[in-house]
Amino acid sequence: MGRKRSLIANTLIVASGTLLSRFTGLWREVLLSAAFGASWVTDAFLLAYTIPNLLRRLFAEGALGTSVVPVFSEYQGRDKEEVVAFLSAVFTGLTIIVAALCALGIIFAPQIVRFIAWGFRGNLEKLSLTVDFTRLMFPFLLLISWSALLMGSLNTLYVFSWSALAPVFFNLGMVGSLLFLRKWVDVYCLALGVLIGGIGQFLFQLFPFYRLGLRFRLHLRFWKEPGFRKVVQLMLPVTFALAVSQLNTLVDRLIASTCREGAVSALYFADRLMELPLGVFGIAISTVILPSLSQSIQEEKLERWQDTLFEGFRLVIFIMLPITVFLMVFREDLVKIVYQRGFFDLRATSMTSEALLFYALGLPAFSLVHLFTRAFYSLQDTYTPVKIGVLVVGCNIALDFLLVRFMGFAGLALATSLCALLNFLLLETFLKRCQTLNMSGAGKWWWKLALQVAAFVFFAYFLWKTLGQTFDSSRIIVLVVIIFMLALFYVFLTIGLKMEEKKTIIAIFEKFYNKFAKGIKRDE
């Protein structure tokens, strides 16, 4: 039970940090839009930020963050000098490679911008500002790469809270720059805010890293360190897989641009709403579970590896199914509350709600893909997810062209969800070939969950029919009440049906109650 509580507790920590990061990110976007609006300055900044941000997704937080954990797990229990030598080799090699990439980006920024910013070529002032922004922000790639290395190292040691909160400091760096530097440096506060935020995100994680007795040193012969070579070997296919994923997103947007006006925006805004629970819970669970899986493999405890993966699988299903139901039933009300103001009219709400309906269908599958991909990473197999990913992207593009003919832009969202399900099924099938998975040993749990979700669907529909009419007068308050009632109902169903998760829920409540009681006693 102790290990289970640890997984739940760590997931809650990462989820809380992600949620706080999303809220501070929203604050950043509000300040950005208020300061510059939808102007050519904003266009220049967003396009310039796209370049290092894309490299960040491909190279740093995605590939590096997941490749360090399995290799670092091999060093657990070794002499501290060996551990420091490994981390120093990765740090030195990473710094040299990324610094060279940043230097090339700064030197060839005009050529890069002209290649990407086709629409800016007729406006020299806009083009020049985009080049300036690009040059200022390229060093952000080095900062975020260091942060990714720290995150992977801390997560391997089961320290999740600091890395979960680190993105908040990036957002605060941007907020601080917009509030205090704008009057001194004008529009360049945007690019400087990215750098300040990157520095804050890195330094915030450095404190727990040093407190654990770990260090980064200059390792001049870093390429001779076996751990460094293994990290690079694992990173290459992950980077390729992420590049393929970005290609799929590009194709989706190109096809959407051929649909009716507003299709690209509707898909984007619906995706942002779907990404919130996916990031807070789905990705949080997979982030927390990777070190446990990697450690079990290193200790050759296959049964514990299976139990941990199945525990994560059940946790994803248990959390994501009610969220999926909520997004589908209250999709239009949610879109109205979040987006409908200014130029975002009823037509845009209707289109975004339609896209959200089909995106929400794939939410459990999206989360399970993240989980099972991490399971392959724990086995130091990064090639199988790539092969599956390439196949799924091909299927997704084919489905895009097929469904868009019958469903319009909504067919693109449905194609994405169907391919997420295909991706998960293929990952599970291939995983069973290399590891024995006990995914069907909880038949009774499945029947209880089916009954629980069915009751939840009826209750959610009942609330929508009875309370949905009051949304125009007090939307936010009513939605908060509905979410509270649905969560309480789901908890009561879990306890009433004697689900396995009942013990976890009671343990969490007991933990919070004990902390609250101790706080009262201290005050007395």
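Using 0.36 nm per residue, how much length does the chain from Asn53 to Val481 gain when fully extended, once their Cα-Cα distance is taken away?
150.3 nm
For an R0 of 45 angstrom, estimate the FRET efficiency from the Cβ-Cβ distance between Glu81 and Leu402 and round to the nearest 0.05.
0.20
Can you put Glu428, Glu81 in order of Cβ neighbours within 10 angstrom, beginning with the fewest?
Glu81, Glu428
Relative contact order, percent, of region 87-238 when contacts are C-alpha pairs under 8 Å separated by at least 6 residues?
34 percent
Subtract the Cα-Cα distance of Arg272 and Phe108 from 0.36 nm times their separation in residues, and report this length gain in nm to one decimal.
Full-extension gain reported as 55.8 nm.
What full-extension length gain, to one decimal in nm, is calculated for Arg229 and Leu179 as 0.36 nm per residue of separation minus the Cα-Cα distance?
Extending this stretch completely gives an extra 13.6 nm.
Computed FRET efficiency, Cβ-Cβ of Arg304 and Leu346, R0 56 Å: what is it to the nearest 0.05?
0.60
Around Ala413, what is the net charge, scoring Lys/Arg as +1 and Asp/Glu as -1 over all other residues with Cβ under 12 Å from its Cβ?
Value of the local net charge: -3.
Calculate the FRET efficiency for Leu206 and Ser128 from the Cβ-Cβ distance with a Förster distance of 41 Å, rounded to the nearest 0.05.
0.70
Around Leu190, with a cut-off of 11 angstrom between Cβ atoms, what is the net charge of the other residues, counting Lys and Arg +1 and Asp and Glu -1?
Taking every Cβ under 11 Å from that of Leu190, the sum is 0.
Every number here is computed from the coordinates shown, using simple stated rules; none is lab data. For clarity, every value in this text was computed on a predicted model and none was experimentally measured. Neighbour counts are summed over all protein chains in view; Cβ atoms, including those assigned to glycine, are modelled from backbone coordinates with ideal geometry.
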